[in-house]
Amino acid sequence: MRKHLIAALGLATALTPASAMAQAPVTVGPNGEPATPVAALQLTDAEINQLKQGGFTAAFAWHELYDWSGAVAQGAKDEFARLGIEVVAETDAGFDAARQQADVETVMSRSPSILVSLPVDPAAGASTYAAALQGGAKIVFVDNAAAGFVHGQDYVTTVSADLVGIGEKTAEAMNQALAGAGKVGYIFHDADFHVTNLRDAAFKWHIENTYDGLDIVAEAGMADPARIEDIANAMLLQNPDINGLYVPWAEPATGVLSVLRQLGRDDVRIVTIDLNEPAGLDMVSGGSIAALIADEAYNIGVYAARAGAASLLGRDVDPFLVVDALIVGPANVAEGWQQSLGHAAPPSVLAAGN
Amino acid sequence: MSPPSTTHPAESSPLARLSRINLQQYVVYVGFVAIFVFFAIVLRDSGFLTSRNLVNIALQTAPATIMAIGLVFALSAGDIDLSIGSTVAVSALCAAMAMAAMPEAGLLLGVAAGIGAGLAIGLVNGLLVAYLRLPSFLVTLATMGLFAGVARSLTQLRSIPVTDSMFTGLFGSGSLFGIPSLVIWTVVAVGIGHFVFRQTRFGAHVLATGDNPRAAMVTGIKVPRIRLTVFLISGAMAGLAGLLYSGRLQAAKYTLGETDLMTVIAAVIVGGTLLNGGKGSIIGALVGSLMMGLLNNGLILMGLSVSDQMIVRGLIILAAVAVSLRETTR
């Protein structure tokens with residue numbers, strides 16, 4: 001599971017349990033701000049030239065570096081390079097809020113013009129980013145903002161995935177996989193994690209309200225991903241008519257795959273979230289995984305960097321920018337991987353797809 | 001063939017005399033100075049030598065230094081405490097939860113809860129090691145995981161804000177006569193730790209226990225009590241580190257201290273404490289901890305990628321530990 005889920009615990013939302021809602025859920029920002037698509041944020045050639053001559057610098061204080069955040073970091077580095085902004089320091093807090101505070105203090109010794117960071121603990125954000133605020137850096141957040149910080153005054157913006165959009169796209173992929181008609185098993189993340197809660201609820205809402213031919217016939221909560229095989233096994237034994245399964249993210253989906261193999265259920269299609277090599281390999285090999293839904297992680301970095309640069313030029317940036325979600329299926333696995341993570345799909349996935 | 005001479009001519013040469021100097025005693029000081037001078041030259045224009053940056057290093061290393069003091073006692077007695085990282089998180093969370101539950105009791109309750117939690121974990125470790133005679137490595141490996149789980153379940157992964165201004169001043173952002181409170185805590189803890197370790201009978205008994213527990217017992221030292229006490233000290237020090245973390249961050253979370261264990265062990269070993277007991281140094285641990293902080297700080301300011309920082313840091317620690325441990329086997 002992507003570890004940045006925990007960092008988004010504080011993400012504010014107007015979402016309530018989907019089944020109880022009449023209106024489609026929407027993604028809102030840390031302080032309830034409406035989402036703005038990132039594409040609205042562009043720089044002119046004149047602005048880029050101005051940035052290149054400004055001698056600006058940037059620093060990163062990451063929560064933790066792994067495949068997803070590595071893609072965000074690479075997007076930001078590439079965009080800073082395009083704008084002539086030198087990256088002077090980069091840190092990895094190992095998901096430790098105290099270490100992230102130390103990291104922020106350390107990188108501020110280089111007096112960067114921009115600080116890009118994903119807060120490990122938004123509740124402790126005021127202390128974590130105090131040195132950056134004092135040092136006058138333009139702070140751009142990823143996924144979540146520090147609690148108590150005021151947009152436009154203390155920080156530039158928050159750039160995030162469109163979590164509800166991911167859930168919506170996952171429902172769309174399920175509809176495609178079942179050709180508009182089928183019985184769906186819904187396995188949701190049974191924990192207080194806003195990121196997964198939002199995605200799960202949005203998926204469910206769209207299955208129930210957008211796609212008339214699809215019915216959720218079984219629901220099960222997954223608190224511990226290690227128990228996914230027991231959950232999937234029980235669900236399929238009790239509901240043998242299920243032909244579509246929603247799994248909240250890719251890692252447990254690979255556990256569901258082994259259950260399907262044991263039961264000989266090659267008629268069941270799985271949709272899940274995040275790009276993952278074993279899941280991708282199954283998908284392109286004609287296995288049970290029909291589609292993987294991903295956010296444009298690389299673009300989160302690109303636009304975080306661009307937002308910071310725009311702020312240096314005195315431009316106002318909207319408080320909550322979101323990137324698109326995309327459906328990655330067997331037909332677009334190479335392009336989808338590239339678009340989401342900014343690098344090629346693993347060779348095993350590409351080879352199996354050819 | 002002539003019999004081997006008892007005094008080899010080369011042994012009296014200056015080089016031989018130099019080789020007989022116990023480098024282990026000085027490696028941490030030499031390393032600290034060398035790293036400081038290196039960064040001071042390389043990063044002269046990158047903010048390294050600014051007073052703000054140097055104070056930051058002292059502040060950032062304070063909790064690890066406090067934890068290191070406890071670990072010196074445990075290692076010197078021939079034991080190890082791997083649960084100190086988890087203890088930090090549990091103590092910080094207990095302090096924050098106690099203050100949130102009874103704001104009127106504030107500071108005192110928070111301190112009692114935090115240090116009390118550390119002592120309780122130390123007691124569990126100590127009883128299992130000293131009286132059930134289980135190996136400390138395995139006991140504290142188990143309690144490390146156990147209390148990491150407790151820290152997670154205490155608040156269902158949520159962080160607890162710490163709003164008591166006296167607490168955050170005393171353990172975090174406050175200062176006395178311009179000296180940051182974290183520096184004062186470090187100096188006080190190192191001073192007391194050094195005194196107890198070097199100047200008291202208890203300190204001597206700790207070293208005797210670590211050097212040879214059977215011999216220590218024969219000489220009348222109550223070895224189980226000494227071993228229990230070092231775990232209580234280690235737990236209390238980790239508890240104090242938890243208070244410092246939560247005071248500085250103005251929040252407590254289950255991740256606090258989680259990544260510190262290896263840094264603290266490295267600081268203590270580089271500082272001249274033996275892994276297998278019988279020898280230790282509180283001042284060495286302080287300098288070792290500052291050296292780790294210096295290294296983290298300088299490598300970040302050099303603009304190295306995170307991967308490169310980890311590689312270089314690992315190599316330098318490896319070199320320092322190699323020099324320390326090589327000396328101990330002579």
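The values are calculated or read from the model by the stated rules, or taken from the named source; none is laboratory data. Keep in mind that what you see is a predicted model, and the values were worked out from it rather than measured. Here the Cβ positions follow ideal geometry from the backbone for every residue, glycine too, while neighbour counts run over all protein chains shown. Heads up: the accessible areas ignore ligands, DNA and RNA and are worked out on the full protein's heavy atoms, side chains in. Shrake-Rupley method; radii C 1.70, N 1.55, O 1.52, S 1.80 Å.
Numbers at a glance
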| quantity | calculated |
| --- | --- |
| Qualifying residue in region B:188-211 (condition: over 22 Å from B:Gly118 (Cβ atoms), part of a helix (DSSP H, G or I), in contact with a helix residue (DSSP H, G or I) (Cβ under 6 Å, 6 or more places away or on another chain) and modelled with pLDDT under 95) | no |
| From B:Lys279, B:Lys253, residue being within 11 Å of chain A (Cβ to nearest Cβ), over 12 Å from the mean Cα position of the chain (by Cα) and basic (Lys, Arg) | B:Lys253 |
| Search result, residues across region A:61-78 that are open to solvent by less than 40 Å² (accessible area, probe 1.4 Å) and assigned to a helix (DSSP H, G or I) | A:Trp68, A:Ser69, A:Gly70, A:Ala71, A:Val72, A:Ala73, A:Gly75, A:Ala76 |
| Conditions (1) modelled with pLDDT of 95 or more; (2) open to solvent by less than 30 Å² (accessible area, probe 1.4 Å); (3) not aliphatic (A, V, I, L, M): number failed by A:Glu208 | (2) |
| Where a residue in region A:130-147 is in contact (Cβ under 8 Å) with a residue 60 or more places away in the chain and its partner, wherever it lies, is among the hydroxyl-bearing types (Ser, Thr, Tyr) and part of a helix (DSSP H, G or I), with Cβ under 6 Å and at least six apart | A:Lys138/A:Ser311 |
| In region A:227-276, the residues that are under 22 Å from the mean Cα position of the chain (by Cα) and open to solvent by 50 Å² or more (accessible area, probe 1.4 Å) | A:Glu251 |
| Given (1) within 9 Å of chain B (Cβ to nearest Cβ); (2) touching a Phe, Trp or Tyr at 6+ places or on another chain (Cβ under 6 Å), number of the condition A:Val38 does not satisfy | (1) |
| Residue within region B:286-305 that is touching a helix residue (DSSP H, G or I) at 6+ places or on another chain (Cβ under 8 Å), surrounded by fewer than 19 Cβ atoms within 10 Å (Cβ to Cβ) and free of Cβ contacts under 8 Å to residues at least 60 places away in the same chain present | yes |
| Any hit, region A:40-60, residues being within 20 Å of B:Gln250 (Cβ to Cβ) and assigned to a loop (DSSP other than H, G, I, E, B) | no |
| Test set (1) within 23 Å of A:Ala71 (Cα to Cα); (2) assigned by TED's automatic domain parsing to the domain that holds A:Asn243 - A:Asp103 fails condition number | (2) |
| Residue check for B:Thr87: in contact with a Leu (Cβ under 7 Å, 6 or more places away or on another chain) and in a helix (DSSP H, G or I) | no |
| Among the residues listed as A:Ala81, A:Ala123, the single one being open to solvent by 10 Å² or more (accessible area, probe 1.4 Å), assigned to a helix (DSSP H, G or I) and at the interface with chain B (Cβ under 10 Å from one of its Cβ atoms) | A:Ala123 |
| Sole residue being more than 14 Å from chain A (Cβ to nearest Cβ), open to solvent by 30 Å² or more (accessible area, probe 1.4 Å) and more than 17 Å from B:Gly247 (Cα to Cα), chosen from B:Val37, B:Val42, B:Val72 | B:Val37 |
| Filter result (without any contact (Cβ under 8 Å) to a residue 24 or more places away in the chain and not in a helix (DSSP H, G or I)) within region B:26-77 | B:Arg44, B:Asp45, B:Leu49, B:Thr50 |
| Single match in B:Val306, B:Val270, B:Val287 (criterion: among the aliphatic types (A, V, I, L, M), facing chain A (nearest Cβ under 10 Å) and within 30 Å of B:Asn56 (Cα to Cα)) | B:Val306 |
| Residue in region B:148-182 that is farthest from A:Asp224 (Cα to Cα), counting only those that are in a loop (DSSP other than H, G, I, E, B) and open to solvent by 50 Å² or more (accessible area, probe 1.4 Å) | B:Phe177 |
| Test: B:Ile80 is open to solvent by less than 30 Å² (accessible area, probe 1.4 Å), in a helix (DSSP H, G or I) and in contact (Cβ under 8 Å) with a residue 40 or more places away in the chain | no |
| Subset of region A:135-152 (residues that are aliphatic (A, V, I, L, M) and assigned to a loop (DSSP other than H, G, I, E, B)) | A:Ala137, A:Ala145, A:Ala146, A:Ala147, A:Val150 |
| Failed criterion for A:Gln100 (all others in (1) part of a loop (DSSP other than H, G, I, E, B); (2) more than 7 Å from every other protein chain (Cβ to nearest Cβ) hold) | (1) |
| Test result for A:Lys169, part of a strand (DSSP E or B) and either within 14 Å of chain B (Cβ to nearest Cβ) or open to solvent by 10 Å² or more (accessible area, probe 1.4 Å) (or both) | no |
| Cβ pairs under 6 Å, 6+ apart, first in region A:84-106 and over 16 Å from B:Val55 (Cα atoms) and β-branched (Val, Ile, Thr), second in a loop (DSSP other than H, G, I, E, B) and open to solvent by 10 Å² or more (accessible area, probe 1.4 Å) | A:Ile85/A:Phe56; A:Val88/B:Gly303 |
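Yes/no matrix, rows are residues, columns are (1) touching a Lys or Arg at 6+ places or on another chain (Cβ under 8 Å); (2) closer than 19 Å to A:Asp67 by Cβ; (3) in the same structural domain as A:Gln50 (by TED's automatic domain parsing); (4) open to solvent by less than 10 Å² (accessible area, probe 1.4 Å):
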| position | (1), (2), (3), (4) |
| --- | --- |
| A:Val302 | no, yes, yes, no |
| A:Leu313 | no, no, yes, no |
| A:Gln339 | no, yes, no, no |
| A:Pro346 | no, yes, no, no |
